[in-house]
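Everything on this sheet refers to the single structure shown next.
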Amino acid sequence: MSKDKNGGRTRAGESTTVGAEIDVVIERVLPGGLGLAHADGQTLLVALAAPGDRLRVRVENKRGRTLFASIVEILEPSPQRVKPPCPYFGRCGGCDFQQLNYEAQLAAKAEIIRDCLRRIARLEPPADLLVTPAPFAWRYRSRARWQYEREAEKFGYVARGSHEICDVVECPVIVPELQTTLTTLREKLRVRSLPDDADEIEAVVGDNGAIALSSSLTNANIHEATRTVGGERYRFSANCFFQINHDLLEPLVAEALRFASGDTALDLYCGVGLFTLPLARRFKKVIGVEANKSATRYAIQNLREANLINGMIETSAVGDWLKTHARALEKIDFVLLDPPRAGAEPEAIGGIKELRPLRISYVSCDPATLARDLRSFTEAGYELESICAFDLFPQTHHVETVAHLIQSS
Ligand SMILES: C[S@@+](CC[C@H](N)C(=O)[O-])C[C@H]1O[C@@H](n2cnc3c(N)ncnc32)[C@H](O)[C@@H]1O
C-alpha cells in the first residue's frame with residue numbers, strides 16, 4: 001500500500017498517482033544512475049538510491065508504466081550507503097553517486113556496462129569485467145562549467161532536475177586549482193567584475209596547475225592550457241574537449257591502442273589529438289577527423305610540435321566525412337572512435353563498416369550508446385574481443401569504456 005499526498009492510502013499499481021508515497025527496496029542501479037525497484041507490478045526508478053536500500057519514496061513523475069521517484073525517508077540503509085560528504089549533494093546537478101561507497105560505485109558501473117551489453121548489444125558480457133578505479137575518488141576533475149546570475153549573486157552548477165543555479169562555495173570533486181578559481185570568480189561576481197554579457201564560464205587545468213578560462217559570450221579570457229600524457233604534449237583550451245580526469249589518461253590511451261598495428265589508422269572524433277599522436281608513432285599514416293574547429297587547430301599544432309608529419313587532421317562531422325571519403329580511402333587497418341555521449345552517427349557506423357578495418361577500438365563515455373553501436377558492428381561480422389572500463393568520473397554514474405572489435409567474417 002502507498003499513501004497519497006493528501007494522506008489517503010492508494011495501491012501502488014495502475015492507479016498510483018504523482019505525489020503518492022510508496023515503500024520499496026532498491027534492486028540495483030540502472031544505466032543512467034537511477035535505482036530500480038518494483039511495487040505492485042510497477043517499475044520505479046529512484047534517484048540517489050543504493051542497491052539494498054529500503055526506502056519510502058515519493059512518485060514525482062510517470063512516463064508510460066514507469067514511475068520516477070525521490071527518497072522521502074531511508075527506512076533501512078543499504079550496507080553500501082555512505083553519508084554524502086558534499087553539502088550540495090542532491091541539489092547540485094553534478095554528482096549522483098556520493099551515496100555509494102567507492103567499491104559500490106565501481107560495482108554499479110560494471111553492472112551498468114553488463115546490463116547494456118546484454119539488453120542492447122545482445123552480447124554476453126565477460127564475468128570479470130574490470131573497471132579500473134581512479135587514483136583519486138575526490139578532487140580529480142580538471143574541468144568545470146559554472147553558471148552565474150549577477151543579480152541573484154549565484155555562482156555554481158546547474159541544479160538537479162531544473163535550470164536553476166545551485167550556488168556552490170566549495171566543490172569536493174574539482175582539483176584544488178579549480179577550487180581556487182571558483183573562489184576567485186565568486187569574489188569577482190560579488191564585486192561585479194564578471195562580464196555581464198555572459199552567464200557561463202568554463203575552466204580547465206593544464207600542467208603545473210595553469211588555468212584556462214572561457215565564457216559563453218565573451219572571448220576575452222580565453223587562453224590555452226597544455227597537458228603531457230604518456231610523453232606527448234597537448235595544447236587545448238576551455239573551448240574544446242579534453243578529458244576531465246587526467247590521472248587515468250595514460251592507461252586509457254594504452255588500452256585504446258592495445259591492438260593498434262598496421263600501416264594506416266583513422267582516429268574518429270579525435271579532439272585535440274589525444275589518440276592521434278600515439279597512433280602516429282605506430283602507423284605510417286593516421287587521419288584524425290573532428291568537427292570542432294578549435295580542436296582541429298590544436299590537433300594540427302600538437303602533431304606539428306611532435307614532428308609527426310604522418311598525421312593529418314580533417315575538420316568535419318565524421319558521418320559526412322566518411323560518406324564522402326570512405327570509397328576513395330586506401331586500406332584502413334585500424335579505426336579508433338571516441339564519439340560524444342550520443343554515440344556514432346549512423347553514417348559513421350556505415351562508413352566504418354564499408355572500410356572493413358581488421359580492428360576497431362571503440363572508446364565511449366556512454367555504455368548504452370556504445371552497446372547500440374557494438375550491436376551494429378557485431379551484426380556486420382565483427383566480434384567483441386575485449387571490453388574494460390576506467391572510472392574517469394568518480395561520484396557520478398558515468399564511466400569510460402574501451403571495447404575492441406575484430407573482423408570475424
Ligand atoms: C568524447 S570527445 C573525444 C575527443 C578525443 N578523442 C579525446 O579523447 O580527447 C568527442 C569529440 O567528438 C567531437 N564531435 C562531436 N560530434 C562530432 C561529429 N559528428 N563529428 C566529428 N566530431 C564530433 C567533439 O567535438 C569532441 O571533440
Fill in the blank from the handout: Taking the stretch 263-281 and keeping residues within 9 Å of the ligand (Cβ to nearest atom) and not in a helix (DSSP H, G or I) leaves ASP267, LEU268, TYR269, CYS270, GLY271, VAL272, GLY273, LEU274, PHE275
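Give the residue, chosen from PHE155, PHE136, that is crowded, with 17+ Cβ neighbours inside 10 Å, more than 30 Å from GLU385 (Cβ to Cβ) and touching a helix residue (DSSP H, G or I) at 6+ places or on another chain (Cβ under 8 Å). Lay out the reasoning, then the answer.
Working: PHE136 fails: crowded, with 17+ Cβ neighbours inside 10 Å.
Only one candidate passes the filter, namely PHE155.
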Fill in the blank from the handout: Those residues of the stretch 298-328 that are in contact (Cβ under 8 Å) with a residue 60 or more places away in the chain and away from the ligand (no atom under 13 Å from the Cβ) come to a total of 3
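With the condition being away from the ligand (no atom under 16 Å from the Cβ), touching a residue at least 12 places away in the same chain (Cβ under 8 Å) and not assigned by TED's automatic domain parsing to the domain that holds GLY273, I'd like the strands (runs of 3 or more DSSP E) fully within the stretch 178-262 carrying at least 1 qualifying residues. Step through it out loud before you land on a result.
Working: elements: 200-205, 211-215, 224-229, 232-237.
The qualifying strands (runs of 3 or more DSSP E) are 200-205, 211-215.
Name the residue that is surrounded by the fewest Cβ atoms within 10 Å (Cβ to Cβ), counting only residues in the stretch 282-297 that are more than 13 Å from the ligand (Cβ to nearest atom) and outside any strand (DSSP E or B).
Taking the stretch 282-297 as the starting set, the residues that turn out to be more than 13 Å from the ligand (Cβ to nearest atom) are 282-285.
Now narrow it down to the ones that are outside any strand (DSSP E or B): 282-284.
Working: ARG282: 13, PHE283: 22, LYS284: 11.
My answer is LYS284.
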Problem - Residue, surrounded by the most Cβ atoms within 10 Å (Cβ to Cβ), within the stretch 335-355, restricted to residues that are in a helix (DSSP H, G or I) and among the acidic types (Asp, Glu) - result: GLU347
Exercise for the section: Confirm whether ARG119 is on the phi > 0 side of the Ramachandran plot and either outside any helix (DSSP H, G or I) or in contact (Cβ under 8 Å) with a residue 40 or more places away in the chain (or both). Expected result: no
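The values are calculated or read from the model by the stated rules, or taken from the named source; none is laboratory data. What you are looking at is a predicted structure, and each value in this text was computed from that prediction instead of being measured. Neighbour counts are summed over all protein chains in view; Cβ atoms, including those assigned to glycine, are modelled from backbone coordinates with ideal geometry.
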